[in-house]
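The next block holds one structure in the form of structure tokens; read it before the comments.
The values are calculated or read from the model by the stated rules, or taken from the named source; none is laboratory data. Source: prediction; values computed, not measured. Don't worry about glycine lacking a Cβ; one is built from the backbone with ideal geometry, like all the others, and counts go over all protein chains shown. The area values use the complete protein model at the heavy-atom level, side chains included, leaving out ligands, DNA and RNA. Shrake-Rupley method; radii C 1.70, N 1.55, O 1.52, S 1.80 Å.
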Amino acid sequence: MLEELITMTKRFDTELLPEGLRATGYHMGGATLAINAEVTGAEVICPGCGQRSTRQHGRYVRHLKDFPAHGRSVQVRLSVRRFRCVRRNVPS
């Protein structure tokens with residue numbers, strides 16, 4: 001069986017994922033459907049000081065499992081950005 005990542009080129013994600021997330025592709029392999037997604041927000045609020053920050057520090061992927069659909073297990077691979085506070089004295 002040929003397994004490949006299918007990249008979404010159109011806006012099919014408007015009803016697939018909640019607001020603030022964008023589907024970027026999917027992969028069907030065996031009994032699993034994996035949906036690749038990313039957070040669309042460009043800024044966050046620091047929990048330490050309440051200041052808004054757009055200073056991106058890195059990325060990581062969270063693997064979320066959902067209920068089966070059409071006989072396949074469903075996994076969402078969510079790419080999340082890590083931000084740094086713009087203030088220097090706030091502990092991370």
If you check Thr54 against the conditions, is it of a type in the set (Ser, Thr, Tyr), touching a strand residue (DSSP E or B) at 6+ places or on another chain (Cβ under 9 Å), under 17 Å from Leu17 (Cα atoms) and free of Cβ contacts under 8 Å to residues at least 40 places away in the same chain?
no
Name the single residue that is nearest to Thr24 (Cα to Cα) among those in the stretch 66-92 being among the basic types (Lys, Arg) and under 13 Å from the mean Cα position of the chain (by Cα).
Arg77
Residues that are outside any strand (DSSP E or B) and not charged (D, E, K, R): does the stretch 74-83 have at least one?
no
Residue match in the stretch 70-78 (condition: surrounded by 13 or more Cβ atoms within 10 Å (Cβ to Cβ), over 21 Å from Arg22 (Cβ atoms), among the small types (Gly, Ala, Ser) and without any contact (Cβ under 8 Å) to a residue 60 or more places away in the chain):
yes
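Select from the stretch 36-51 the residues that are in a strand (DSSP E or B) and either over 13 Å from Leu21 (Cβ atoms) or basic (Lys, Arg) (or both) and list them in ascending order. Lay out the reasoning, then the answer.
Start the filter on the stretch 36-51 by keeping residues that are in a strand (DSSP E or B), which leaves 36-39, 44-45.
Hits for the stretch 36-51 are Val44, Ile45.
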Matching residues in the stretch 17-38 - criterion: being open to solvent by 70 Å² or more (accessible area, probe 1.4 Å) and touching a residue at least 24 places away in the same chain (Cβ under 8 Å):
Met28
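For the condition open to solvent by less than 60 Å² (accessible area, probe 1.4 Å) and at pLDDT below 85, what is the one hit in Gly41, Gly58?
Details: Gly58 fails: at pLDDT below 85.
Of the residues listed, the single one that is open to solvent by less than 60 Å² (accessible area, probe 1.4 Å) and at pLDDT below 85 is Gly41.
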